[in-house]
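Encoded as structure tokens, the structure appears first; notes follow it.
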Amino acid sequence: MINLAAVLSQSFAPAELPAAVRAVLGKPLRRAAPLTQLALVGALACLPAERRALPTALLWQSTSGPRLETLTLLDEVCAGSAEPMPYDFLATQPAIAAAQIQSFLPGLQTAMHLPLDREGVANWSLLLSLAIVWLNEGRCAQVLCAQLDHAIDVASGHWLALSRAPLENSPASLQLAKGAASESLPDTPDLPARLAKWLAGNGSPTLSLHSPVAMKLTVEFTRL
Amino acid sequence: MTRPVYIAKTALLCARGNSPAAVASALWNGECSAGQRKLGERAFPYFGLPLDEHDWMVRTEQAIRQVAGQLGKLPPETPLFVASSSFQIGHFEQLGAPFELPFAAASFSRQIGDWLGLSGARTSFSNACTSGFSALDAARSLIAAGLIDDAIVLGVELANDSTLAGFAAMELLSRTAGRPFDARRDGLVLGEAVAAVHLSAKPATWRIAGLRTGLDGFSTTGPNPDGSRIADVTVDCLKEAILKAADIELIKLQAAGSPGTDLAEANALRSVFGQHMPLLLSLKPGLGHTLGASGLAELAVLLACLDADKIPATAGFSKVDPEIALFPMVERSTEHIERALLNLIGFGGGLASLIVERHG
């Protein structure tokens, strides 16, 4: 059985992100793109200090990706006469986010970034399925699953943390199921916020997440 | 449920040819010439696809359809896993400002699915140079767990100035050639590729015995020179495969001719394999570094080489670097290989090791 360790949704005005990072680290994170800053504040909020050295995988999806940074790079490359500033190119590489936060999460062993191909539809069912498979295999002790996006007016992070070991205050367990439970959620970017509402209510004991685009994957949450 | 995952088929279009077998044959014959790509006043060697079309999107459709043809007819519902570090940025460069990027970062994967005739589930991966093995890892995890039976994993990396300019700005590119592990190595040579791997639960010649990805946050552009994180991933991969280091007969190196990354990889290999170093091969001097497609492209080529029992020599290596003190194969070999390890060490801290093993 896999345990839900944390459910978190965050939203920032882009100008507030550096301050959120400083509040967490006590110092700024230099040369970090907004997606990296979102990854840092979300991951540290999900994992208490005593769990940050445990073997951890990060699976994160994004609709926007580094869209604004890519526009900046295109302007530099296509309109400018010189090569881009190295940081402007690095900011377009989402994979770097995990490398930049590893020193604050020493247990972070691997990371995958999954850009999404449609607005309004996410792939939590795949992220959670992979997390459950890897945790059951013993590949890691915990998996952070996230949806990170930033646009001109808002930067948002939605997170679910999963643990192989039983936790004292885990609100739910997860498993892969063949059929859908009576109550189900759509696979949308804000799934953690919807899940938090279900956990706070007194509805059905189980809830399933079935993705119409993600194969025959159904993830079932059971209240604990 | 855990079941074996097999490589049912591979497909490839790159600078060296339009099928894995054709590319393997070209490398066996020592072909390694590169073209050139200009960036302002500077020109860099570049391994471009052998396609004359200039319209980026039309050319890309041609490339994807060639690879689709090699894969043969597939059930349209076959899940598709797309790996790329740049997707269609070259298309927007060609269209020019104002750049109307779609809001969904991987929207191009929908077009790729259409060209492949695949209308089922689609997932995209963008982890710089390790994108291909990340996608492969996700697909094979789902097959092994019995959640899907087949998957097409496609790596796409096509010409664009943004990537070339970014790498050039960081002084990561060679102006002459890629020289893996060589004392004179001075950087990477980039290239294009479209590569596909059909994974299946049905038995085939090659099985994925182990696959592990990792992360090295030493710096955003290269691994810790001591190679310790790379070695950790390789050891994890051997453990998953239930193999000893001595069971590996050949290593397809990451080595692209990068001063720092080559050294880190060499240090990792020494710590894992010690005095019993397997045959070492780098394919990048003949293909270029095809970034997000590189893992799948090099896997396709390597399996074609091993199927023919014809392992090419590593081009570009002639002068030993005393700090590295490892020797890629400089002579061709007809040795029969049962198990091979493939390494990827990515820009942005990504690491991956894959072990393939003959089945039956």
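The values are calculated or read from the model by the stated rules, or taken from the named source; none is laboratory data. These figures come from a predicted structure and were not determined experimentally. All Cβ positions, even for glycine, are placed from backbone atoms using ideal geometry, and neighbour counts span all protein chains on display. Heavy atoms of the whole protein, side chains included, go into the accessibility calculation; ligands, DNA and RNA do not. Shrake-Rupley method; radii C 1.70, N 1.55, O 1.52, S 1.80 Å.
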| query | Do you know which of the residues in segment B:340-350 that are within 12 Å of the chain's Cα centre (by Cα) and hydrophobic (A, V, I, L, M, F, W, C) is farthest from B:Gly178 (Cα to Cα)? | reply | B:Leu342
| task | Considering each residue of segment B:29-50, count those that are surrounded by fewer than 17 Cβ atoms within 10 Å (Cβ to Cβ) and hydrophobic (A, V, I, L, M, F, W, C), and give that number. | result | 1
| field | Selection from segment B:145-160 of residues that are touching a Ser or Thr at 6+ places or on another chain (Cβ under 6 Å), under 18 Å from B:Val356 (Cα atoms) and open to solvent by less than 10 Å² (accessible area, probe 1.4 Å) | value | B:Ile152
| request: Test B:Val272 against the stated conditions and say whether it is more than 15 Å from B:Ile230 (Cα to Cα) and open to solvent by 20 Å² or more (accessible area, probe 1.4 Å). | output: no
| request: Being farther than 21 Å from B:Ala104 by Cα and more than 7 Å from chain B (Cβ to nearest Cβ) is the filter; apply it to segment A:86-102 and report the residue that is surrounded by the fewest Cβ atoms within 10 Å (Cβ to Cβ). | output: A:Tyr87
| Just wondering, is there one or more residues in segment A:39-50 that are more than 7 Å from every other protein chain (Cβ to nearest Cβ), without any contact (Cβ under 8 Å) to a residue 24 or more places away in the chain, open to solvent by 10 Å² or more (accessible area, probe 1.4 Å) and in a loop (DSSP other than H, G, I, E, B)? | yes
| Residues that are charged (D, E, K, R), farther than 21 Å from B:His276 by Cβ and open to solvent by 20 Å² or more (accessible area, probe 1.4 Å), drawn from segment B:213-262 | B:Arg229
| request: Working only within segment B:120-147, note down all residues that are within 7 Å of chain A (Cβ to nearest Cβ) and over 23 Å from B:Ala68 (Cα atoms). | output: B:Asn127, B:Ala128, B:Ser141, B:Ala145, B:Leu147
| message | Which numbered condition in (1) in contact with a Leu (Cβ under 7 Å, 6 or more places away or on another chain); (2) surrounded by fewer than 20 Cβ atoms within 10 Å (Cβ to Cβ) is the only one that B:Trp56 fails? | response | (1)
| Any idea which residue in segment A:132-174 is modelled with the highest pLDDT, counting only those that are among the small types (Gly, Ala, Ser) and assigned to a loop (DSSP other than H, G, I, E, B)? | A:Ala141
| query | Would you say A:Pro106 is more than 19 Å from A:Ser9 (Cα to Cα) and out of contact with any strand residue (DSSP E or B) (no Cβ under 8 Å at 6 or more places or on another chain)? | reply | yes
| message | Going residue by residue through segment A:189-200, is there one that turns out to be out of contact with any strand residue (DSSP E or B) (no Cβ under 7 Å at 6 or more places or on another chain), more than 14 Å from chain B (Cβ to nearest Cβ) and loosely packed, with under 15 Cβ neighbours inside 10 Å? | response | yes
| request: For A:Leu217, state whether it is within 14 Å of chain B (Cβ to nearest Cβ), within 20 Å of the chain's Cα centre (by Cα), open to solvent by less than 50 Å² (accessible area, probe 1.4 Å) and among the hydrophobic types (A, V, I, L, M, F, W, C). | output: yes
| field | Matching residues, segment A:87-129, being of a type in the set (D, E, K, R) and either without any contact (Cβ under 8 Å) to a residue 12 or more places away in the chain or part of a loop (DSSP other than H, G, I, E, B) (or both) | value | A:Asp117, A:Arg118, A:Glu119
| said: I'd like the full set of residues that are assigned to a loop (DSSP other than H, G, I, E, B), touching a helix residue (DSSP H, G or I) at 6+ places or on another chain (Cβ under 7 Å) and open to solvent by 30 Å² or more (accessible area, probe 1.4 Å), limited to segment A:71-84. | reply: A:Glu83
| Scan of segment B:19-42 for residues that are in contact with a strand residue (DSSP E or B) (Cβ under 8 Å, 6 or more places away or on another chain) and closer than 26 Å to B:Arg140 by Cβ, ordered by number | B:Ser19, B:Pro20, B:Val23
| Which residue pairs have Cβ atoms under 6 Å apart, sit 6 or more places apart or on different chains, and have a first residue in segment B:52-72 that is β-branched (Val, Ile, Thr) and a second that is assigned to a loop (DSSP other than H, G, I, E, B)? | B:Thr60/B:Leu158
| If only one of B:Ser318, B:Ser333, B:Ser294 is open to solvent by 10 Å² or more (accessible area, probe 1.4 Å), within 26 Å of B:Asp186 (Cβ to Cβ) and hydroxyl-bearing (Ser, Thr, Tyr), which one is it? | B:Ser318
| Of all the residues that make up segment A:18-34, how many are more than 29 Å from A:Asn169 (Cα to Cα) and open to solvent by less than 40 Å² (accessible area, probe 1.4 Å)? | 4
| Conditions (1) more than 24 Å from B:Ala231 (Cβ to Cβ); (2) more than 17 Å from the chain's Cα centre (by Cα); number of the one not met by B:Ile337 | (1)
| Among the residues of segment A:103-142, which ones are open to solvent by 10 Å² or more (accessible area, probe 1.4 Å) and under 28 Å from B:Ile230 (Cβ atoms)? | A:Ser103, A:Phe104, A:Pro106, A:Gln109, A:Thr110, A:Ala111, A:Val133, A:Asn136, A:Glu137, A:Gly138, A:Arg139, A:Ala141
